[in-house]
Structures are given as C-alpha cells and as structure tokens.
Amino acid sequence: MTLSRPILPFVVAISLATGTAQSQTLTIVNQGGAPADAQRQAVFEPFTKETGIKITVDTYNQELAKIRAQIETKNLIWDMASLNPINERAGCEEGLLEKIDWKSLIDEKPFRAIGGFGECGAPYLVSPGGLVYDAAKFPADTGPKDWADFWDTKKYSGKRGLLYQPDQVLEVALMADGVAPLDVPKVLAGPGGVDRAFRKLAEIKPFVKWWKSGDESMQLILTGEVDMVYAWQGRVNIANRSNKRDLKIVWPAGYVSALIYFGVMKGSPRKEEAIRLVKYQLAAEPQARYAELMGYPPANADAYPLLSPEKRADLPGEYASRGIMQAGSLYINFWLDNGDSIRQRFATFVAQ
Amino acid sequence: MTIADAAPGGTKGGIARDALKRAVERSQRRQAVTMLVLMAPSILFVAALFVLPIALFLFRSVDNGEIRHLLPQTVAAVPDWTAGELPGEPVYAALVEDLRTLKDTPGVGLLGRRLNYAVPGFRGLVTKTVRNLPATEVPSKKDALIAIDGKWAEPAILAVLRQQSGRLTDFYLLTALDLERTPADQLQRVSGEQAIFLDLYGRTLLISLGVTLLCLVIGFPVAAVMAAASPAVANLLLILVLVPFWTSLLVRSTAWVILLQNEGLVNKSLMALGLVDHPLPLVFNRTGVMVAMVHVLLPYMILPLYSVMKGISINHLRAAASLGASPPRVFRTVYLPLTMPGVAAGCTLVFILSVGFYVTPALVGGPRDQMIGYFIAYFTNSAVNWGLASALGALLLLLVALSYLVLGRLVGFDRLRVR
C-alpha cells in the first residue's frame, strides 16, 4: 500500500523501540464477544501462567483486508489470527500467513474427523449452526423437526430468521430441498446447484428476517420476532444460560459446521510463541475446558471423553452424519471461486 | 486614473508614483507571503492527509498494476490478439512462462483473486494450471493448456486477459455501473441477478432525499421558534438541539434499536395505550433507518436555518403586515424567501451527509435498507476488492458533486453559504 509509505519509517522506529520490550507478548485477533471471553478464561490465562507469555487480544470481523494491510505495509500489529476456512485458504495462497507443517508438530489423528490441518492454519474450534426454536412456544412435539418444516409456511405461519450471508444459507436451502447433508457440498458445487438453492430460498423469502450478527439472531428468537431461526450453537447455549430460556437445536434436521483456524501472520517475530500457543490450545484438556465454557464442540476428538455428560448431550455427537463441514478442497475451492459473484447475487436477491 | 495607468518614468510625478506602486506591490507580496506562511500548516495537513490519500484511493479504481506486474510476458504478447478470438500460440507460451515464474509464490493467489473478479472460477483455473504446468519442450503450449482444462479454449474466459492487459482499466468503474464487456469488447448490462449497484445508488438517493425532506419539515418550525423566542428560551432550545449533536453517532443509532425493537419502549407504550395490539415493525427496516437518520441529521438542518432566521429583521415582516398582507402572505412573500439561504444550506448539508451514511443504516436497517457506504465497506474489508470499492467511492463522490451543482443551479451558489 503506497499510502502509508511516508509514515513507514516512524512506524518501524516505534515498533523497534517497543518491540524488544514486548517480545514476550503475543497479539491475537479473534471475533470477540462471548466466544473470546471463554477462550481467554479456558486457554489464554492458563497458558500465560504456564509459559509466562502474555497475550493481548484484539477483535475483527474476519476482514482479510486488515491482515493484508498489515502485511503490505510491513507493520504487524497482530501475531496470529482466528480465521474461517475460506480466509485460511485465501490468506495462505496469497502469502499473508506463515506456512506451517502442523502435522510434524501435533498428532493429526484426533483432528481427522473435522478435515485435519490446513496448509497454514490449525483448526481449534468447530462452530455448528442449526435449526433453533423456542420450546416455550412449541410445547411437546409441535416444534419443527426438519428444514422442510422450516420452509412449511402453512404449518408455521410466523417469521423465520436466517443469516444474511449466502455461505451456510444456501447449504440450508439445499437440505430443505431434500439433499442429504453430506451430499450438499457436491450438489452445491455441481451444475445448477446454486440456482436450485436460490429457487428454494425464494419460496420462503417473504417470511424471512435476515440477521447480520450472532447477537441479532438471538434477539430475534428471544423476543419472539421469529418463530424459528438458523443460529450458531454457542450463541444458543449462552442465551439459554443467561436468560433461563429453553431454546432447542434440532440436530437431526441437518446443520452446518464452520471450522475456525489459528493462523500465524506472515513475518511475525513471535512465530515460535504463536506455535506454542496453538499446540497448547489444541491439546485435549484446554479443548475440553473451552467446550465446557462456550458450548461449541471441541476440534480435538480426544477432548470428548473429558467432557461432562450434560455437555456431551448438548453436542451434535451422534448426529455427525447430519452435519455439513465447511472444509475440504471441493467446498473451499467452490466458495473461493464463486463466493464474490454468489454474494452479489444474494444481495440482489434479498433486496428485490 | 489608477496608478497602473500612469506612464512609466518621465515626469517627476511618474517616478514618485512608480515608487509608490512598487511599495504597494511589495507590501501586498509580504502580506500574501505572511498569509501563506500562516496557512501553511493547514494546507500541508489537508494536502497530505486529505487530498493525497483520496487521490491515491481514487486512482485504485482505474489502476491495473497487478496483472501487468504478475503476467509481464503475456501482456507483451497481447497486441497480436484479435478481439473475440482465441489467442495464438505466443500468448499461450508467454502465459505458461509467466505462470512458471509465479509457481510457489503468493503471486498465484493474487493473480487468481484478481482474475476471479472478472470471471468467477478463474482462481481455480489458475491454481489448477500452475499445479500441472507443461514441460518447457512441449511443442504446443496451447494444446497443453487446453489439455489441463478445457476453459483455456473458451474465448469468453480468456478475453479478460486481453481486455485487462493495459496500464489502466475501466473494469471496476464499469462493474460499479452494472456494465461488463463482451469478448468482442461491446458494452452490455450484466445479468439481472448480478445487477446490484444502480439500484443501490437509486436507493441511496431516495433515502437521502427522504431524510432531507423530513429534516426540513421538522427542522424549519423549530428553527423559526428558536429565532423568535426570547434569549433565555432560545438558549434552552439551542442546548436541546446541541446535546444530541454532541452525542456519538454510534450511541444514538444503537439507542434507536433499543427504543424501536418489538419489546422496546415505543412498542410497549403503544400497546399499553391500546393503540396497537401487536408490536409494529419499527426497526431493521426502512422506518427505523429514516427515524434514526433524521434524528442524527436534524441539527445540521436546524443550525443553518436558525442562523439565517436570526438575521431576518422583524421590521420586514411588520412592514409587510402594515401594508395589508395577511400572516400567511407575509410568511409566503417575505419570510420564506428570506430564509432560502438557510434552507439551501441546510438541505445541502443534510443531503450530502446522508448520501455517505454507513453506520446508522448498518445498525438499524435491514438488508433492503443498506446504502452505498455499506457496500464500499464490504468490498474494502471483507471481499478485499479495493479496485471496486474505490470505483464505488469515485461514483459516490461524483454523485455528491453533481447534487451540489444541481442545488447550486437551483438556488444560486452564493445562497449555499451560511451567513
């Protein structure tokens, strides 16, 4: 970025002056909010106690541009970033992240179920999103059972909440159209898959309230503005806990699991410390602690036996075959190639 | 006769006048220099931190450095390539060499991303081709590339390499206007499902006009009352106008979400009063955006109006009334025309500010209420398509300049100034 060139010498001078003093402080960026609080409590604080490496946390909204700007101006504010699968791959391909051979550092076996390590990033969190309704509103057996029910506006006449973003929502639309969850990536990337998903989405569009943030999704369902919503598990858990509510996630309907990776920024002077933190966070105990606090399933399969029975009952667990993992070459390449044009089409679709 | 008209030299008086003229010029020059020195910090500040960054950013909307930098040999081979046709062997050979240089560097990702803007799927094509590059001794690079992926034989896909080989590109600006180039270089509208930006500019204008009008209707009587009230009352009203003006935009926008939501104060009160039996949809839609934006921008309308109205002498109105005009007529023929500079200044200010609004619609609006600012932020931060973000920004700037010109024509430029 040519823009910042005039101020570069100052920035370098300042970072040199402060760099030596802070070499033992890792700066991490994640998405903030409740998940970040849980991460601090379950992982960062015990890590600092054990290693003496301090951790500062910044927040961002998965804007790859903010990482790119730091790399291009050679002014690293962050050492490592929490990344969604698409940004992990894009950042890796475009040289924004350090390539790290995680397999040689960490046993990959317990991570195979979620697709293993990336070329640059290591997955530390699974974030499933599914069909959520308020049990107080639909007593006993009257709640929606699958995505076809979510689409059935005769049976359920109220509004529905969906994420204002095509990835995850197109997958949900295909499940509603009868595609088995595990086949969804193939169908979506195949000929006519995107058109099919949009056609299905058009059926309920007048009934949809679109949400833009996890907080908003919970607001919609808790205030009764919608009867059912597509929402992320961690948010549901926290909403239930802090509002004493009984929101239910219908796992058998099918759900979409995003993986969240840790990646080390290209050229970070604290690469070794960053790797130490990743190794620490991916171990079974911190993974279990984090899952207990936040409610998301652990990325490390070895952490499952360490969970309390109640926590295990909350997780999709036995419904693994109903979950779409946002991982794998087919899936990631599809979204990297077509994401921009699909997002544009989606914005037009919603606005019309 | 002025000093400048005097003949140079000659008479004694002429010499004196010359000296005087020089002295005056010198003193004027000194004054200009002093002024310049005094203003230097502000000029430098504006140039370095305002004009320069904006110019650099606007340049991104036509800059095409990436492709020239990443594919130098291909770009050099392009001139022999006829529009609408497949390129010849030299282009394919150059492409293979360029890709070979890029192999195992971040350049592959950058090139893929850049070409993917124009043709979805080009990123995958580049990655796949780089992984399977043909050997140097292959006789036909063209056949080799087509063997890797049939897409290398499609003119519609390859056209982007030819069209975007120049130093500058109109690609981003065309995209921002929902236009694209066919392989044969004809301009055409993009398909309906991809056409988004013209509607967006229309929506931005519509919301801004609505907000401006509402601000005028609500702000005009307030300003008039303030101007006519006793100093104590006027001061109180002024404080009431200024307190929200000094409050952060973010706080005010979020406050509206809390007030207007289904379980919010407004809906609860309406239901308690029995006016409605179920909550009205007031937030995350157009209503919410209009309410919040009008609230945020109202001071920008009231303050210029007030300052103009304050200067209108009551004697004008009295004179009109004493000549027999009824109060409505006094208002229409005397008061209203005198307030026009304030109306023009207030409307310009509110309109131009609301065209660029981002935070408020993002917080209180639904997907159908996002304005152009939302998409500029999206392309800057999330999609990392800085060229398109800059093109959208350039068009927005043009829009603002045009509205200023139109308004200036309508009411006169001198009236846009607040006196």
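The values are calculated or read from the model by the stated rules, or taken from the named source; none is laboratory data. As the structure is a prediction and not an experimental result, all values here were calculated from the model. Counting neighbours? That spans all protein chains shown, and the Cβs are built from the backbone with ideal geometry, glycine included.
Some notes on this structure:
- Being farther than 30 Å from B:Lys310 by Cβ, within 14 Å of chain A (Cβ to nearest Cβ) and assigned to a helix (DSSP H, G or I) is a condition met by at least one residue of the range B:173-189.
- Condition check for A:Ile67: among the β-branched types (Val, Ile, Thr) and not in a helix (DSSP H, G or I): no
- Checking each residue in the range B:180-197 for being within 11 Å of B:Ile372 (Cα to Cα) and either out of contact with any Leu (no Cβ under 7 Å at 6 or more places or on another chain) or not hydrophobic (A, V, I, L, M, F, W, C) (or both) picks out only B:Ile196.
- Conditions (1) part of a helix (DSSP H, G or I); (2) within 11 Å of chain A (Cβ to nearest Cβ); (3) within 30 Å of B:Ala292 (Cβ to Cβ); number of the one not met by B:Ala195: (1)
- Selected residue (only one of B:Val364, B:Val350 is hydrophobic (A, V, I, L, M, F, W, C), within 14 Å of another protein chain (Cβ to nearest Cβ), touching a Phe, Trp or Tyr at 6+ places or on another chain (Cβ under 8 Å) and buried (at least 23 other Cβ atoms within 10 Å of the Cβ)): B:Val364
- Selected residue (criterion: farthest from the other protein chains (Cβ to nearest Cβ)) from residues of the range A:318-340 that are more than 18 Å from the chain's Cα centre (by Cα) and surrounded by fewer than 19 Cβ atoms within 10 Å (Cβ to Cβ): A:Glu318
- For B:Ile67: the one exception among (1) within 14 Å of chain A (Cβ to nearest Cβ); (2) closer than 21 Å to B:Ala394 by Cβ: (1)
- The residues of the range B:85-114 that are touching a residue at least 60 places away in the same chain (Cβ under 8 Å) and either buried (at least 21 other Cβ atoms within 10 Å of the Cβ) or under 22 Å from B:Leu173 (Cα atoms) (or both), listed by number, are B:Pro87, B:Val91, B:Tyr92, B:Leu95, B:Arg113.
- Checking A:Asn75 against (1) within 13 Å of chain B (Cβ to nearest Cβ); (2) out of contact with any strand residue (DSSP E or B) (no Cβ under 9 Å at 6 or more places or on another chain); (3) in a loop (DSSP other than H, G, I, E, B); (4) not hydroxyl-bearing (Ser, Thr, Tyr), the condition it does not meet: (1)
- Counting only residues that are hydroxyl-bearing (Ser, Thr, Tyr) and modelled with pLDDT of 90 or more, the range A:309-340 holds 1 of them.
- Residue match in the range A:163-178 (condition: touching a Gly at 6+ places or on another chain (Cβ under 9 Å), over 17 Å from A:Ala347 (Cα atoms) and either within 14 Å of chain B (Cβ to nearest Cβ) or of a type in the set (S, T, N, Q) (or both)): no
- Residue within the range A:229-242 that is at pLDDT 90 or above, part of a strand (DSSP E or B), among the aliphatic types (A, V, I, L, M) and surrounded by fewer than 23 Cβ atoms within 10 Å (Cβ to Cβ) present: no
- Residue satisfying condition, being at pLDDT 90 or above and of a type in the set (A, V, I, L, M), within set B:Val138, B:Val126: B:Val126
- Some residue of the range A:48-59 being within 14 Å of another protein chain (Cβ to nearest Cβ) and among the acidic types (Asp, Glu): no
- Every condition in (1) crowded, with 16+ Cβ neighbours inside 10 Å; (2) assigned by TED's automatic domain parsing to the domain that holds B:Ile352 is met by B:Tyr172 except one, and the failing one is (2).
- B:Pro231 vs. criteria in the same structural domain as B:Asn315 (by TED's automatic domain parsing) and either loosely packed, with under 13 Cβ neighbours inside 10 Å or in contact with a strand residue (DSSP E or B) (Cβ under 7 Å, 6 or more places away or on another chain) (or both): yes
- Evaluation of B:Ser61 against (1) closer than 21 Å to B:Asp185 by Cα; (2) outside any loop (DSSP other than H, G, I, E, B); (3) touching a residue at least 24 places away in the same chain (Cβ under 8 Å) (one fails), failing number: (2)
Results for (1) within 14 Å of another protein chain (Cβ to nearest Cβ); (2) within 36 Å of the chain's Cα centre (by Cα); (3) modelled with pLDDT under 90, shown as yes or no for each residue.
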position	(1), (2), (3)
B:Ala23	no, no, no
B:Ser27	no, no, no
B:Arg30	no, no, no
B:Met35	no, yes, no
B:Leu49	yes, yes, no
B:Ala83	no, yes, yes
B:Leu86	no, no, yes
B:Tyr92	no, no, no
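- Filter result (over 18 Å from A:Leu201 (Cα atoms) and part of a helix (DSSP H, G or I)) within the range A:130-182: A:Leu182
- Among the residues of the range B:127-154, those identified as of a type in the set (D, E, K, R) and either surrounded by fewer than 18 Cβ atoms within 10 Å (Cβ to Cβ) or not in a helix (DSSP H, G or I) (or both) are B:Lys128, B:Arg131, B:Glu137, B:Asp143, B:Asp149, B:Glu154.
- Exactly one residue among B:Thr360, B:Thr287 is more than 30 Å from A:Tyr60 (Cβ to Cβ) and assigned by TED's automatic domain parsing to the domain that holds B:Ile239, and that residue is B:Thr287.
- Residue check, A:Arg289 more than 15 Å from A:Ile86 (Cβ to Cβ), surrounded by fewer than 17 Cβ atoms within 10 Å (Cβ to Cβ) and in the same structural domain as A:Gly118 (by TED's automatic domain parsing): no
- Selected residue (only one of A:Ala81, A:Ala42 is touching a residue at least 24 places away in the same chain (Cβ under 8 Å) and part of a strand (DSSP E or B)): A:Ala81
- Selection within the range B:115-157 - in contact (Cβ under 8 Å) with a residue 24 or more places away in the chain and within 11 Å of chain A (Cβ to nearest Cβ): B:Leu115, B:Tyr117, B:Ala118, B:Val119, B:Gly121, B:Phe122, B:Leu125, B:Val126, B:Val130
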